[in-house]
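One structure is given here, and the rest of the page talks about it.
Read the figures in this text as sums done on the coordinates, not as results from a lab. Quantities reported herein were computed from a predicted structural model and do not represent experimental measurements. Glycine also receives a Cβ, built like all others from the backbone with ideal geometry; neighbour counts cover every protein chain displayed.
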Amino acid sequence: MSNNPYLPYPVRIEQIFTETEDKNLRTFRLGFLNKEDGERFTFTPGQFSEISVAGTGEIPIGIASSPTEKGFLLFTVNRTGVVTRFLHNMKEGDIVGLRGPLGNWYPWEKMEGGNVVVIGGGFAFTTLRAGIAYMLHPENRNRFKDITVVYGARSPGLLLYRQELAEWEKRDDIDVHITVDATDDPTWPYNVGFVPAITEKKITSSEDSYALVCGPPIMIKFTQPVLERVGFKPEQIIMSLEMRMKCGIGICGRCNIGDKYVCKDGPVFSLAQLNGLPKEY
């Protein structure tokens, strides 16, 4: 990590991938201008960074790539505000700033030796994608037992990382359950239904398992009781609240929940931790 948390690394946009049919979600592959900066930037899946555009501002974005993917970083950006719109209009070869890595990460050491259930909705699948790539890497796959993924979007055209989803489906060491809220496509080969409902159908045991959950607040609200009915205890349910983050270093005070700052104490929390805080997430 940089010695100065306020000073961004200069990075180049190497590639831009349009993820969704509405073109509101794009993945940026970034490379460090200075090799030494890239060597200092060591992170763990679940962490985030601040991407800055000179003269425009900066935004907190979860790191979508795994540290096992060397030589680049991936960030999937939703076009929602001034900075994100500007970023969407930039081109390959342009330079932006990168602060981080920031925040905590998914509890990989606790999950080691057990089963991992990954539940994601919409564009919040970014750090979950990083976690899946991390677990599936040959150096890490034997550290975890069964890996099950439930991932959904409003419609087929809004799913992220479709090529990777197809590749994961072909593997025999991970179970992937894709769903959409609704579709008019009669050839749609996957599930139709909200993520909590598909989770209830596909996740039937909590034995020796952790659940990683990241998505819109409404998805989290209705997925939590589904997992609890199966037997997941609060300490087995891990959530990422990265959508609340702003400055990333606990200065602005806009991400607090009770006495916790999502950017410094999180963004990853167990449900056991969140149960002791105001219900603001």
**Message:** Please give me the summed charge of the neighbours of residue 102: other residues whose Cβ is under 11 Å from its Cβ, Lys and Arg +1, Asp and Glu -1.
**Reply:** 0
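What does the charge dipole of the chain about its Cα centre add up to, to the nearest 20 debye, if the Cβ of each Lys and Arg holds +1 and the Cβ of each Asp and Glu holds -1?
Working: 31 positive and 34 negative charges, 124 e Å.
Charge dipole, the chain, about its Cα centre: 600 debye, nearest 20.
Please list the three semi-axes, largest first and in whole Å, of the ellipsoid equivalent to the chain, using sqrt of 5 times the eigenvalues of its alpha carbon gyration tensor.
On the way: eigenvalues 162, 97, 71 Å².
Equivalent ellipsoid of the chain: 28, 22, 19 Å, largest first.
Quote the FRET efficiency, to the nearest 0.05, computed for residue 91 versus residue 207 with a Förster distance R0 of 41 Å and r equal to the Cβ-Cβ distance.
Values: r = 50 Å, r/R0 = 1.22.
Step by step, r from the Cβ atoms, then E = 0.25.
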**Asked** Hey, what angle do you get for helix 126-136 against the long axis of the chain, alpha-carbon based, 0 to 90 degrees rounded to 10?
**Response** 70 degrees
**Message:** I'd like the FRET efficiency for residue 259 and residue 184, computed as 1/(1 + (r/R0)^6) with the beta carbon distance as r and R0 of 51 Å, rounded to 0.05.
**Reply:** 0.60
**Request:** Just add up the charged neighbours of residue 155: K/R +1, D/E -1, any other residue whose Cβ is under 10 Å from the Cβ of residue 155.
**Result:** -4
**Asked** Which order, highest average first, do 8-14, 180-186 follow once you tally other Cβ atoms within 10 Å for each residue and take the mean per peptide?
**Response** 8-14, 180-186
**Asked** Considering amide H positions built from the backbone, and no H for Pro or chain starts, which residues 5 or more places from residue 65, or on another chain, come under 5 Å of its amide H?
**Response** 74
**Distance from segment 139-167 to segment 99-122 (C-alpha centre basis), Å** = 14 Å
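Taking K and R as +1 and D and E as -1, what net charge do the other residues with C-beta under 14 Å from the C-beta of residue 66 add up to?
+2
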**Request:** Answer with one residue from 179, 196, 105: the one whose Cα lies farthest towards the positive end of the charge dipole of the chain, charges on Cβ with Lys, Arg +1 and Asp, Glu -1.
**Result:** 105
**Karplus-derived 3J(HN,Hα), 6.51/-1.76/1.60, for each residue of segment 211-219, Hz, glycine and proline x** = 10, 9, 10, 8, x, x, x, 5, 5
**Complete:** Check: C-alpha center segment 31-59 vs C-alpha center segment 175-247, spacing in Å is 29 Å
**q = 0.09, 0.10, 0.13, 0.21 Å⁻¹: log10 I(q)/I(0) that the Debye formula gives for segment 123-262, counting C-alpha atoms only** = -0.31, -0.38, -0.65, -1.42
**Request:** Return the sequence-ordered ³J(HN,Hα) values of segment 119-125 in whole Hz as given by the Karplus equation 6.51 cos²θ - 1.76 cosθ + 1.60 applied to θ = phi - 60°, using x for Gly and Pro.
**Result:** 10, x, x, x, 7, 7, 7
**Fill in**
When the chain is treated as a Gaussian network with springs between alpha carbons less than 10 Å apart, the largest mean-square fluctuation among 125, 48, 194 is found at 194
**Residues with amide H under 5 Å from that of residue 270, placed H, sequence gap 5 or more** = 239
**Asked** Based on the Cβ-Cβ distance from residue 109 to residue 162, what FRET efficiency comes out when R0 is 35 Å, to the nearest 0.05?
**Response** 0.65
